[in-house]
Amino acid sequence: MKFDVLTLFPEMFEPIKQSIIGKAKERKLIDINLINIRDFSKNKHKKVDDTPYGGGAGMVMQADIIYDAYKSIKDENAKVIYLSPQGKVLTQQKVEEISKEKHLILICGHYEGIDQRVIDKIVDEEISIGDYVLTGGEIPAMVLIDSVSRYVEGVLNKDSISEESFSQGILEYPQYTRPEVFENQKVPEILQSGHHENIKKWRRYEALRNTYLKRPELLEKAELTVEDKKNLEKIKNDTKC
Ligand code: 4G1
């Protein structure tokens with residue numbers, strides 16, 4: 001998968017370029033290419049923004065400059081995503097869908113955002129990472145790169161992905177490691193029993209309990225078995241008292 005990122009702050013991506021699942025980079029499974037939008041300014045001061053038509057606070061990134069940066073990439077088949085608070089909020093389902101693309105062009109806004117005409121001309125999809133105010137689209141672009149990269153063929157093995165409870169729409173079970181006793185709290189006995197079948201059942205139950213207690217709204221869309229539904233009833237009863 002190739003990511004071309006159009007940004008005013010390419011330096012912000014150094015850490016993610018370094019860490020992107022080390023081997024995936026070596027094996028050329030993932031390639032992150034940064035395009036500095038400022039390089040396409042025709043202005044002697046390298047200006048990339050101007051005041052909004054109609055008045056109001058702040059600055060708007062200019063359409064022609066972003067369009068020139070986009071044209072420098074030259075791939076009509078790439079999917080163009082604008083990270084924007086006006087987009088649909090990114091979900092794991094969306095991450096999985098996007099991971100099937102070969103080439104993504106990510107546009108990061110700044111100031112009050114970008115001129116609507118360049119969105120209408122080149123953007124295929126607007127995606128948001130959530131409802132809060134940010135100073136730019138760079139962190140959202142990194143969230144997208146990080147989440148999508150895990151799904152790219154060959155980066156992680158398929159088992160570890162399908163085993164993730166989040167793929168089925170629920171939270172994880174609690175995790176424990178050494179030491180066996182921490183501040184008088186022992187690791188749950190079952191995890192040392194060696195009884196894999198029981199451990200699996202216990203973990204599923206705890207994952208359901210976690211979800212019910214912390215993010216009950218996730219259960220509405222979760223993939224639940226008949227056994228899960230029975231267990232949920234028990235969990236609901238147990239928490240009443
Ligand atoms: C109105 C949040 C404005 C922000 C309403 C999530 C946020 C890009 C995202 C803003 C941005 C809300 C995102 C806001 C983002 C132009 C540059 C837009 C920064 C900008 C809820 C500022 N996911 N925000 N406006 O934050 O780019 O992708």
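Accessible surface for VAL143 stands near 60 Å², nearest 10, in the context of the full protein assembly shown (1.4 Å probe). A probe of 1.4 angstrom, applied to the heavy atoms of all protein chains, finds ARG209 with accessible area near 90 square angstrom. In terms of accessible area, using a 1.4 Å probe and ignoring ligands and nucleic acids, CYS241, CYS108 rank largest first as CYS241, CYS108. Summed over all non-identical Cα pairs, the Kirkwood treatment of the range 120-241 gives a radius of 17.9 Å. Largest accessible area first, the residues ARG117, ARG203, ARG178 order themselves as ARG178, ARG117, ARG203 under a 1.4 Å probe with ligands, DNA and RNA left out. Shape of the range 72-113 from its Cα gyration tensor (a ≥ b ≥ c, root eigenvalues): rounded if a/c is under 1.5, otherwise prolate when a/b > b/c, or oblate? Oblate. Which listed residue (TYR82, ILE32, GLN168) has the Cα farthest towards the positive end of the charge dipole for the chain, taking +1 on Lys and Arg C-beta and -1 on Asp and Glu C-beta about the Cα centre? Projecting each Cα onto the dipole axis, the largest value belongs to GLN168. What share of all Cα pairs of the chain, in percent, falls into each consecutive 10 Å distance bin? Histogramming the chain at 10 Å steps yields 6, 24, 26, 20, 14, 8, 2, 0 percent. Per atom type, the chain shows carbon and sulfur on 50% of its accessible surface, probed at 1.4 Å. Between LEU218 and LEU34, the FRET efficiency from the beta-carbon distance, with R0 = 35 Å, is close to 0.50. Helix content alone sets the calculated 222 nm mean residue ellipticity of the chain: runs of n ≥ 4 DSSP H residues at -39500 (n - 2.57) each, divided across all residues, give -10500 deg cm²/dmol.
Springs between Cα atoms under 10 Å define the GNM used for the chain, and in it the highest mean-square fluctuation of ASP31, ASP49, ASP75 occurs at ASP75. Loop-located chymotrypsin sites (Phe, Trp or Tyr not before Pro) in the range 168-224 (DSSP state not H, G, I, E or B) with no more than 16 neighbouring Cβ atoms inside 10 Å: TYR176.
Contact order for the chain, expressed relative to its length and based on alpha carbon pairs under 8 Å spaced 6+ residues apart, stands at 19 percent. Based on the Stokes-Einstein relation at 4 °C and a viscosity of 1.567 mPa s, and on the Kirkwood radius from alpha carbon pairs, the range 122-187 is assigned a translational diffusion coefficient of 82 µm²/s.
For the range 122-231, the per residue solvent-accessible surface stands at 67 Å², with DNA, RNA and ligands left out and a 1.4 Å probe. Using only alpha-carbon positions in the range 63-170, the gyration tensor eigenvalues give semi-axes of 27, 17, 10 Å once each is multiplied by 5 and square-rooted (largest first). Once the C-beta distance of ASN43 and LEU134 is scaled by a Förster radius of 25 Å, the resulting FRET efficiency is 0.45 to the nearest 0.05.
The values are calculated or read from the model by the stated rules, or taken from the named source; none is laboratory data. Quick caveat, the model's predicted, so the values are computed rather than measured. Cβ: placed from backbone, ideal geometry, glycine included. Neighbour counts: every protein chain shown. Remember, those area values only see protein heavy atoms, side chains included, never the ligands or the DNA or RNA. Shrake-Rupley method; radii C 1.70, N 1.55, O 1.52, S 1.80 Å.
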